[in-house]
Amino acid sequence: MVTSPPRLVIAAPASGSGKTTVATGLMAAFAESGLAVSPHKVGPDYIDPGYHALATGRPGRNLDPYLCGEELVAPLFLHGAAGADVAVVEGVMGLYDGAGASELASTAHVAKLLRAPVVLVVDASSQSRSVAALVHGFASWDAGVRVAGVILNRVGSDRHEELLREALDGAGVEVLGALRRTASLSVPSRHLGLVPAAERRAEAVGWVKELAGRV
């Protein structure tokens with residue numbers, strides 16, 4: 001009998017919100033606490049899984065319904081997560097962004113196939129009360145997607161965090177935590193996305209360790 005470990009999907013309203021930062025930091029924090037962590041990435045991306053592998057010591061695996069067909073997503077997930085205590089799946093683009101105008105191969109699609117709760121990473125750097133409308137919209141858009149919590153990213157100050165939390169009190173989605181805006185958490189990028197971990201291994205190892213502590 002194949003058993004499925006506890007799992008969650010790290011998603012965001014849009015690219016650039018901090019999914020990789022939060023997902024990699026969470027993987028590293030779980031691993032440092034002694035858990036065997038299975039890392040996954042929605043889509044064909046090869047760069048983010050390199051950072052996931054550094055954080056967990058296990059291969060970062062892709063879950064892509066577009067290339068593999070939705071019927072293989074769960075079996076591939078179970079194969080990759082064999083022997084793990086927990087699995088963390090980093091999404092792609094915005095939560096509901098799929099192929100064309102459909103949900104195919106979106107983060108939401110994969111979350112449904114895995115029956116996994118979603119943690120929404122919100123870039124809160126330029127908003128306060130509006131964050132509640134944003135989160136409410138994403139949480140209520142599709143009844144088949146369970147947004148179980150929010151992580152506020154790039155928070156500017158204690159007062160900013162207080163305003164954000166107050167706004168979200170009535171949104172029905174728990175605030176799981178907040179990460180402050182800091183230059184040390186940024187990763188150099190180029191045309192394909194982040195610079196691969198293999199090209200900056202010493203720096204990347206230090207970055208992952210800092211992420212674990214902050215998360």
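Annotations
- As a calculated quantity, the FRET efficiency between Gln127 and Glu210 at R0 = 30 Å, using C-beta atoms, amounts to about 0.70.
- Share of carbon and sulfur in the accessible area of region 118-177 stands at 47%, probe radius 1.4 Å.
- Environment charge at Val131 (Cβ cut-off 14 Å; Lys +1, Arg +1, Asp -1, Glu -1): -3
- Potential extension, Ser189-Arg146 segment - 0.36 nm per residue separation minus Cα distance: 12.4 nm
- Stokes-Einstein translational diffusion, region 118-177 - Kirkwood Rh over all Cα pairs, 0.890 mPa s, 25 °C, in µm²/s: 216 µm²/s
- With the gyration tensor restricted to C-alpha atoms of the chain, the semi-axes of the equivalent ellipsoid amount to 25, 22, 16 Å, longest first.
- J(HN,Hα) series, region 21-30, from Karplus relation 6.51 cos²θ - 1.76 cosθ + 1.60, nearest Hz, glycine and proline x: 4, 5, 4, 5, x, 5, 4, 5, 5, 4
- Antiparallel DSSP beta bridges within the chain, percent to nearest 5: 5 percent
- Accessible area in square angstrom per residue, the chain, 1.4 angstrom probe: 47 Å²
- Under-5 Å amide H pairs with Val86, H placed in peptide plane, nonlocal only: Ala36, Ser38
- Candidate aspartates and glutamates for bridging to Lys19, where Cα separation is under 18 Å - those fewer than 8 sequence places away on the same chain excluded: Asp45, Asp48, Asp64, Glu90, Asp97, Asp123, Glu174, Glu210
- Local electrostatic count, Ala29, Cβ distance below 14 Å [Lys/Arg +1, Asp/Glu -1]: -1
- Gaussian network model of the chain, Cα within-10 Å springs - most flexible of Ala29, Ala198, Ala183: Ala183
- Percent carbon-and-sulfur accessible area, region 1-69, ignoring ligands, DNA and RNA, probe 1.4 Å: 58 percent
- All other residues whose Cβ lies under 9 angstrom from that of Leu152 are scored, Lys and Arg at +1 and Asp and Glu at -1, for a net of 0.
The values are calculated or read from the model by the stated rules, or taken from the named source; none is laboratory data. Since we're looking at a predicted model, the values are computed, not measured. Glycine also receives a Cβ, built like all others from the backbone with ideal geometry; neighbour counts cover every protein chain displayed. Areas reflect the complete protein model, heavy atoms only, side chains present, ligands, DNA and RNA absent. Shrake-Rupley method; radii C 1.70, N 1.55, O 1.52, S 1.80 Å.
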